[in-house]
Amino acid sequence: MKVVILAGGFGTRISEESHLKPKPMIEIGDKPILWHIMKMYSYYGYNEFVICCGYKQHVIKEWFADYYLHNSDITFDFTAGKNEMIVHNNTLEPWKVTLVDTGLRTMTGGRVKRVREYLNNETFLLTYGDGVADIDVPQLVDFHRKAGKMVTITSVHPSGRFGILDIQDDGAITSFREKRKEEGGWINAGFMVVEPDIFDFIDGDNVVLERYPLEEISRRGQLNGYKHHGFWQCMDTMREKALLEELWESGKAPWKIWD
């Protein structure tokens with residue numbers, strides 16, 4: 001089963017870094033968040049990726065072009081007129097990565113439609129290139145298959161960002177507390193399992209996946225929700241990047257399920 005990752009948006013809410021690179025290439029530790037997402041899938045044996053590129057796509061393509069070189073010990077032998085490269089170790093992941101230019105201003109649904117030819121009319125995994133989680137992907141896939149619906153979306157309770165105030169008419173605050181996860185609704189965390197029938201609901205580049213396609217699929221009773229009670233965090237802002245950096249540097253990053 002192939003993994004499709006949406007990596008073509010502008011990332012305007014984290015423009016401090018996205019003006020230089022696509023948001024999925026912003027680093028957590030010394031690796032792009034895209035790498036962290038791929039490592040999670042790879043841990044469960046999903047090693048074929050189709051990445052929907054767009055904004056500054058060359059950055060993603062060049063990073064993968066140099067990945068082998070940057071992660072191996074190499075001898076360059078120029079003696080006696082030779083130009084030979086000797087690789088001494090190869091501990092890279094067994095990844096097959098297809099990088100597709102899905103257009104600069106294409107919407108999420110349009111990007112998915114543009115990679116259809118690479119998916120062999122098979123069920124595929126789909127997620128965004130800016131969020132990490134400790135999701136049990138085989139369990140998610142099993143849940144999807146048992147439900148027998150067209151799309152399964154992973155849903156999470158987001159952590160509360162703001163304190164809750166109980167304020168009286170006279171302005172007196174009678175209580176202050178941090179918002180608990182269970183006080184918020186379930187939201188789309190990505191990490192979807194999708195049947196190829198979804199392409200019938202996407203007409204072109206201007207289709208936003210989260211609007212007509214998923215709304216109509218839901219109306220037809222073909223949208224399923226997998227509740228994830230573990231860790232999930234997106235990286236929309238510098239504050240969220242700092243949080244992920246802190247977790248990674250502490251050695252306690254919940255999404256690091258690989259060795």
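No lab work stands behind these numbers, since they all come straight from the coordinates. For clarity, every value in this text was computed on a predicted model and none was experimentally measured. Here the Cβ is made from the backbone with ideal geometry for all residues, glycine too, and neighbour counts use every protein chain on show.
Structural remarks
- Excluding same-chain neighbours fewer than eight residues apart, the lysines reachable from LYS227 by a Cα-Cα span under 21 Å are LYS146, LYS149, LYS179, LYS181, LYS256.
- Potential lengthening of the chain between MET85 and SER250 amounts to 55.7 nm, from the contour at 0.36 nm per residue minus the alpha-carbon distance.
- Entries in LYS61/LYS113; LYS21/LYS82; LYS56/LYS96 that, when Cα-Cα distance is taken, lie over 28 Å: LYS21/LYS82
- Calculated FRET value between PHE76 and ASN121, using beta carbons and R₀ = 51 Å, to 0.05: 0.70
- Amide H to amide H, with H built 1.01 Å from N, ASN224 comes under 5 Å of VAL151, THR152, ILE153, counting only residues 5 or more places away or on other chains.
- For the options GLN222, GLN57, GLN233, a Gaussian network treatment of the chain with springs between C-alpha atoms closer than 10 Å singles out GLN222 as fluctuating the most.
- Helix-only [θ]222 nm of the chain, DSSP H runs n ≥ 4, -39500 (n - 2.57) each, per residue, nearest 500: -7500 deg cm²/dmol
- Magnitude of the charge dipole for the chain, about its Cα centre and with charges confined to Cβ atoms of Lys, Arg (+1) and Asp, Glu (-1), is about 460 debye.
- Computed with the Debye formula from one identical point scatterer per Cα of the chain, without solvent, the log10 of I(q)/I(0) at q = 0.07, 0.08, 0.11, 0.12 Å⁻¹ comes to -0.29, -0.38, -0.67, -0.78.
- Of interest is the spacing of the C-alpha centroids, which for segment 1-34 and segment 89-143 amounts to 14 Å.
- Pairwise FRET efficiency - ASP197 versus ASN47, Cβ, R0 = 35 Å, nearest 0.05: 0.90
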